[in-house]
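Asker: Got a structure for you, questions after.
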Amino acid sequence: MVPTFHLREFRFPQDYDSVFSLWQTAGEGIHVARSDMPEEIEKKLARDPDLFLVAENESGIIGTIIGGFDGRRGMMYHLAVSSKYRQKGVASALVTELETRLKGKGCMRMYLLVYPENRPAIDFYEKRNYKKMNVDVYGKDLL
Ligand SMILES: CC(C)(COP(=O)(O)OP(=O)(O)OC[C@H]1O[C@@H](n2cnc3c(N)ncnc32)[C@H](O)[C@@H]1OP(=O)(O)O)[C@@H](O)C(=O)NCCC(=O)NCCS
């Protein structure tokens, strides 16, 4: 079947408003925070611009994924697909492409964070061989 969307790297600033609006409307699974402000996104892009991907079709941006690689582990953030375009393989394509790019950088293992009540996302990840880890995640604001 011919895909009705394509993947490409996020472009700043032209894609920012559409992506931010997608995150705001994606539901409880995506919490928009200060790290999503334009200046923080620019900071992120200075590091691995090739790991922030979007899915696009004739209507515009319909999906996002932000990847990261710190030289040891990979991370996945903000996997989101517009509700109208779910169940069409968009997130699967984004995850597969991020995994390929991380592998290409020599990344052996990657992580993601998911809220325990986000059952649809958990099912999605588990079907793609992501395993729940028995650790607590701690965070601290530095700035
Ligand atoms: C979780 C989320 C990203 C999944 O996105 P999606 O694009 O619907 O995911 P996909 O379409 O790739 O896969 C979903 C299902 O659709 C099925 N599917 C894929 N292509 C299909 C097609 N052409 N027709 C019908 N079904 C299809 C897939 O097989 C998959 O089912 P499976 O998990 O049983 O294998 C999306 O629900 C979302 O944005 N949720 C809100 C934000 C969120 O919570 N993100 C996670 C943060 S941790």
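Asker: Between rounded, prolate and oblate, where does the chain land on the alpha carbon gyration tensor, with a ≥ b ≥ c its root eigenvalues, rounded for a/c under 1.5, else prolate if a/b exceeds b/c?
Answerer: Rounded, because the longest to shortest axis ratio a/c is under 1.5.
Asker: When DSSP beta bridges are limited to those with both residues in the chain, what percentage is antiparallel, rounded to the nearest 5?
Answerer: Of all bridge pairs located within the chain, approximately 80 percent are antiparallel.
Asker: Right, here's the next one. With a cut-off of 8 Å between alpha carbons and a minimum separation of six or more residues, what is the relative contact order of the stretch 6-127 in percent?
Answerer: 25 percent
Asker: Among the lysines, select those whose C-alpha is under 29 Å from the C-alpha of K105, and discard any that sit fewer than 8 residues away in the same chain.
Answerer: Straight-line reach from K105, under 29 Å: K43, K44, K88, K127, K131, K132, K140.
Asker: Pull out the extension gain between S35 and R11, defined as 0.36 nm times the separation in residues minus the alpha carbon to alpha carbon distance; nm, one decimal.
Answerer: Numbers: separation 24, 0.36 × 24 = 8.64 nm, distance 1.70 nm.
Result for the pair: 6.9 nm of gain on full extension.
Asker: Spin-label point model (7 Å from Cα, Cβ direction): what's the R119 to M133 distance in nm?
Answerer: Inter-label distance under the simple model: 2.6 nm.
Asker: Could I ask something else about it? What are the ³J(HN,Hα) values, in whole Hz, obtained from phi via the Karplus relation 6.51 cos²θ - 1.76 cosθ + 1.60 with θ = phi - 60°, for each residue of the stretch 80-92 in sequence order, with x given for Gly and Pro?
Answerer: 8, 10, 3, 4, 5, 10, 6, 6, 10, x, 5, 5, 4
Asker: On to the next question. Using the Karplus equation 6.51 cos²θ - 1.76 cosθ + 1.60 (θ = phi - 60°), what ³J(HN,Hα) coupling, rounded to whole Hz, does each residue of the stretch 40-47 give in order, writing x for Gly and Pro?
Answerer: Those phi angles translate into 6, 5, 4, 4, 4, 5, 5, 8 Hz.
Asker: Go through the stretch 26-38 residue by residue and turn each phi into a ³J(HN,Hα) via Karplus (6.51, -1.76, 1.60, θ = phi - 60°); whole Hz please, and just put x for glycine and proline.
Answerer: Couplings: 6, x, 4, x, 10, 9, 6, 9, 5, 5, 9, 6, x Hz.
Asker: OK, next. How would you order 123-136, 19-32 from highest to lowest mean count of nearby Cβ atoms within 10 Å? Kindly include the intermediate steps, with their values, before the conclusion.
Answerer: On the way: 123-136: 10.1, 19-32: 15.5.
The densest-packed peptide leads the list: 19-32, 123-136.
Asker: Give, rounded to the nearest 20 debye, the magnitude of the charge dipole that the chain has about its Cα centre when Lys and Arg contribute +1 at Cβ and Asp and Glu contribute -1 at Cβ.
Answerer: Value, rounded to 20: 600 debye.
Bear in mind these aren't lab numbers, they're just calculated from the coordinates by the rules spelled out. What you see is a predicted model; the values in this text were computed from it and never measured. Because the Cβ atoms are built from the backbone with ideal geometry, glycine has one as well, and the counts that use them run over all protein chains shown.
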